[in-house]
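The values are calculated or read from the model by the stated rules, or taken from the named source; none is laboratory data. Keep in mind the model is a prediction, meaning the values are calculated, not measured. Cβ placement follows ideal geometry from the backbone for every residue including glycine, while neighbour counts extend to all protein chains displayed. SASA here: full protein model, heavy atoms, side chains in, ligands and nucleic acids out. Shrake-Rupley method; radii C 1.70, N 1.55, O 1.52, S 1.80 Å.
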Amino acid sequence: MKMVNREMFIWLLMMLLTLSTYAMGKFAVDGLAVVMFLLVTAAIKGGLIIRDFMALQGVALLWQIIMYGWLMLVCLTIAITYIVGL
Amino acid sequence: MELLVFGIFFIVYAVMRVQNIEMFNHYQLTLNKELGAVNTLLLISSSYFVVRAVHAIRDNKVESCIHWLYAGLAGGAGFLILKALEYSDKFSAGISLSTNTFYMFYLSLTMFHFLHVILGMVILFAVALKAKQGRYSAENYTGVETGASYWHMVDLVWIILFPLVYIIR
């Protein structure tokens, strides 16, 4: 039951983070700080899915490296391209 | 493998955007952010429902597992309907893959993801059918976990795709 409550909390947290992302887009807010906030938000949501929904904490280290590595690599590369484009 | 392809797609999109910033920023404003946000909420909720299905089968609650899987499928169906509406809007405006670089990426990225949502739903439906036939239990639920993992991967990809294509500018 405790685990279900934790996952429900994570689900609601991700819904709130999604609404904050939408608000940024709705008001056409831009700038490096905003882009970084949006990418960090996406990385947090992705990390929560990998850790808590896919339940990767108990599996082989290699799978954890692949999943978290993919998420970090994608978010970091996008961040770098936005910095370059400023 | 899918994650690798999507990862490359995302990075190429970001690099191409740097070379066409004005065009990407301009055409990004034509996308329906509301539908994109609702679709994100649908996929996140659907993922959570599938998590509950895995918990249910671990507790040997087969009926509950099937109901949560159906709830997950409903979220996926909602996503497909809204995405189809979005495509219909764009196609009726004469937009296609060859319209410009931004739409080429928008359509190919989201359609590739759309196909993965369909495949994920087929997998979840097959898992639900097998559960209904009594082929899963608290001792044997690897199939449920595998189907759930694929569905979470589809969600994970959209969580990057939504801000990248619809929001970040």
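Can you find a residue that is open to solvent by less than 70 Å² (accessible area, probe 1.4 Å), among the aliphatic types (A, V, I, L, M) and out of contact with any Phe, Trp or Tyr (no Cβ under 8 Å at 6 or more places or on another chain) anywhere in region B:86-102? The answer is no, given that none of the residues of region B:86-102 is open to solvent by less than 70 Å² (accessible area, probe 1.4 Å), among the aliphatic types (A, V, I, L, M) and out of contact with any Phe, Trp or Tyr (no Cβ under 8 Å at 6 or more places or on another chain). Counting the residues of region B:24-41 that are open to solvent by less than 60 Å² (accessible area, probe 1.4 Å), in a helix (DSSP H, G or I) and not charged (D, E, K, R) gives 9.
One line per residue, one yes/no per condition, for (1) among the polar types (S, T, N, Q); (2) over 25 Å from B:Phe49 (Cα atoms); (3) in contact with a strand residue (DSSP E or B) (Cβ under 6 Å, 6 or more places away or on another chain):
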{"site": "A:Leu16", "(1), (2), (3)": "no, no, no"}
{"site": "A:Thr21", "(1), (2), (3)": "yes, no, no"}
{"site": "A:Gly31", "(1), (2), (3)": "no, yes, no"}
{"site": "A:Val35", "(1), (2), (3)": "no, yes, no"}
{"site": "A:Thr41", "(1), (2), (3)": "yes, no, no"}
{"site": "A:Gly46", "(1), (2), (3)": "no, no, no"}
{"site": "A:Ala55", "(1), (2), (3)": "no, no, no"}
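For first residues located in region A:64-76 and closer than 19 Å to B:Val15 by Cβ and facing chain B (nearest Cβ under 10 Å), partners that are open to solvent by 30 Å² or more (accessible area, probe 1.4 Å) and assigned to a helix (DSSP H, G or I) and lie 6+ apart or on another chain with Cβ distances below 7 Å form the pairs A:Val74/B:Ile11. Residues in region B:131-158 that are part of a helix (DSSP H, G or I), surrounded by 15 or more Cβ atoms within 10 Å (Cβ to Cβ) and out of contact with any Ser or Thr (no Cβ under 7 Å at 6 or more places or on another chain): B:Ala131, B:Gly143, B:Val144, B:Glu145, B:Gly147, B:Ala148, B:Ser149, B:Tyr150, B:Met153, B:Val154, B:Leu156, B:Val157. Every test in (1) within 14 Å of another protein chain (Cβ to nearest Cβ); (2) β-branched (Val, Ile, Thr); (3) within 19 Å of the chain's Cα centre (by Cα); (4) farther than 18 Å from B:Lys130 by Cβ is passed by B:Val12 save one, and that test is (3). State whether one or more residues within region B:32-43 are more than 10 Å from every other protein chain (Cβ to nearest Cβ) and at pLDDT below 95. Taking every residue of region B:32-43 in turn, at least one turns out to be more than 10 Å from every other protein chain (Cβ to nearest Cβ) and at pLDDT below 95.
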